[in-house]
Amino acid sequence: MCGIVGAVGPDNVVPLLMEGLARLEYRGYDSAGIAVRAPSGRLERIRSVGKVAELRGLVERAGLEGSPGIAHTRWATHGMPAERNAHPHMSGERVAVVHNGVIENHAELRAELEARGFTFSSETDTEVIAHLLRDLLEGGLDLLAAVREAAARLVGAYALVVASPAEPDRLVVARSGSPLVIGLGDGITFVASDVYAFLPHTRRFLFLEEGELAEVRRDGVTVYGPDGRAVERAPKRVEATAQAADKGPYRHYMLKEIFEQPAVIAETLEGRIHKGRLLEESFGHRTRALLDATRAVHIVACGTSHHAGLVARYWFEEAGVPTSVEVASEFRYRRVVVPEGTLLVTISQSGETADTLAALRRARDMGYLGSLTVCNVPESSLVRESDVALMTRAGPEIGVASTKAFTTQLVALRLLALALARRRGLDEAAERALVEELHALPRQVEVALGLDEPIQRMAGAFADKQHALFLGRGTFYPIAMEGALKLKEISYVHAEAYPAGELKHGPLALVDADMPVVCAFPRDALLEKVLANLQEVRARGGELFLFTDRDVRVDLDRYQALTLDDICPSTAPVVYTVPLQLLAYHVAVLRGTDVDQPRNLAKSVTVE
């Protein structure tokens, strides 16, 4: 949710911190701040409302320099976007802290600290941590012991990085429920909430586990477990490159990521299909036994990942596997009945989605057969804590509105559906045909991207609209949900999706000349029913925007249609997602919104 960076080095770390903040700005962007131990020995702090560029200007004008240092980009939870609520938070000159997460008992701690004479200048839960640390430091504890003691009193989720001018050679960090990584450079050590912050400077990272603390020095790191004992952990080499997180020649990250989809889909398939066969061994050595025992599937996810799970339900049930799909935040708080032999499948781009991660942890004692995650980040908590991980290989996704992560999730889930179908009688000829459709998918997505210019022209019809309706049937109903989500996320047009067959049960009352209606539909068994539903829309004066196969005959007036050739039935939901992404993108550009960083949203929702 928020972006954290920190560094301990022999020289001025301010340029590195500002670079890291810029790379993590997608994680939080309503305010930003930095604090360093200046050459004078004092903590110097600068904060600003707005984006990192605003902070950069202030830092340059002030000539800020020093080491160690911490910095932060904020996505507001407690307290409105304002300089007083921006991180880092300080308590006098004794301590500075940056925080990602939510402290649930902050009101209780605040009252206690106010009674002890501490004065609060913000509405945030984080300032409680700064004053609590100062109280412990003034009681005689060193920085490491103070952070350990403070963390024991915090209820909620947090990733913390703490600096004190009295201890100029180290930072202390703690993690519970929010991600935190430590990068090992040459004579310098980094801390961040995401490896991409410092990939230009190191590929060697330590990943903190739940409840761990670490002492970060320029010459190394000591990690401590929840029991206070030192933990031996070898660093991992991250293969992603810094260039993968650059915008390149594209106007926005979102557009770049839309056009990366043929390549990342091919990468997700690489090594998993060969000569018309699914190479199940590529899923990992534990997967075969787990799938052999699977009698049912529960899918748990949030947002776009939830839509991927809804598509997968059709595929899994076609394979004969009973499947349910649930939003993670609902799953966590109800009594779940787990049939014998049920596999829990979680889906997440970041692998740090708070509700999904909490659902996985709760599920351990609920009688599930095991857990499998579909995820894009190999080093994430969800991957580390699941029995099996099916990686999507989408690479870094910076735009808040998910695009390539969604389509690669669908590809991974399609592979999983084939593996389940094998166990329920899918013959070799049928498997070969379905694998060939997957093999053709990257090229078909390239064809869909060729509609970019006509979709840009189509988007003009939405520029002054306030509402839109998306329709779909079968696997295309969750695709309609995803199309509506993309439009509302980045263009701020209120958009809703309905199963097309539900029109007469309420949504048809909304249809008039000012309500554009979007529908993506291929030539399949539901085609005639969809066309009948569209006739209902036209009879009420609604204007239709259609994406369909070239040989589908649409006998309607007042509609715009864009068509595709030779789309394979089993992968059609993936292909038809792409025009809906482009439509949302071009509408947002026309309306002048912040495409990559839409208001009120953050890329990775790491708190409840």
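The values are calculated or read from the model by the stated rules, or taken from the named source; none is laboratory data. These numbers come from a predicted model, not from an experiment. Every residue, glycine as well, gets a Cβ built from its backbone with ideal geometry; the counts of neighbours run over all protein chains shown. Protein only, heavy atoms only, side chains kept; ligands, DNA and RNA dropped before computing areas. Shrake-Rupley method; radii C 1.70, N 1.55, O 1.52, S 1.80 Å.
The table that follows gives values for the structure above.
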{"item": "Where a label projected 7 Å from the Cα of E428 along Cα→Cβ would reach, residues of region 260-296 with amide N under 19 Å", "result": "273-281"}
{"item": "Global form of region 350-393, assessed from the alpha-carbon gyration tensor, a/c cut-off 1.5", "result": "oblate"}
{"item": "Residues of region 290-319 with amide N under 20 Å of the 7 Å Cα→Cβ point at E330", "result": "297-317"}
{"item": "Added length on full extension, which subtracts the Cα-Cα distance from 0.36 nm per residue, K275 to R229", "result": "11.4 nm"}
{"item": "Spacing of the two label points (7 Å from each Cα toward its C-beta) at Y559 and Q535, in nm", "result": "1.1"}
{"item": "Region 155-296: C-alpha gyration tensor shape, a/c 1.5 cut-off, then a/b vs b/c", "result": "oblate"}
{"item": "E436 paired with D219, simple spin-label distance in nm, labels 7 Å along Cα-to-beta-carbon", "result": "6.5"}
{"item": "FRET efficiency, 1/(1 + (r/R0)^6) with R0 51 Å, evaluated for M366 and E83 via beta carbons", "result": "0.65"}
{"item": "At R0 = 22 Å, FRET efficiency that the Cβ-Cβ distance of A166 and K236 yields, to 0.05", "result": "0.10"}
{"item": "Percent accessible area from carbon and sulfur atoms, the chain, protein chains only, probe 1.4 Å", "result": "48"}
{"item": "Inter-site label distance for E93 and D464 at 7 Å from Cα along Cβ, in nm", "result": "6.1"}
{"item": "Accessible solvent surface per residue of region 230-338, calculated while the other protein chains remain in place, 1.4 angstrom probe, Å²", "result": "50"}
{"item": "Given K247/K275; K51/K247; K236/K256; K51/K488; K275/K486; K275/K529, the pairs whose alpha carbons are separated by over 26 Å", "result": "K247/K275; K236/K256; K275/K486; K275/K529"}
{"item": "Per residue accessible area in Å² of region 1-111, where ligands, DNA and RNA are left out and the probe is 1.4 Å", "result": "35"}
{"item": "For region 338-461: rounded, prolate or oblate by the Cα gyration tensor [a/c cutoff 1.5]", "result": "oblate"}
{"item": "Alpha-carbon centroid distance for the pair region 102-157 / region 312-375, whole angstrom", "result": "36"}
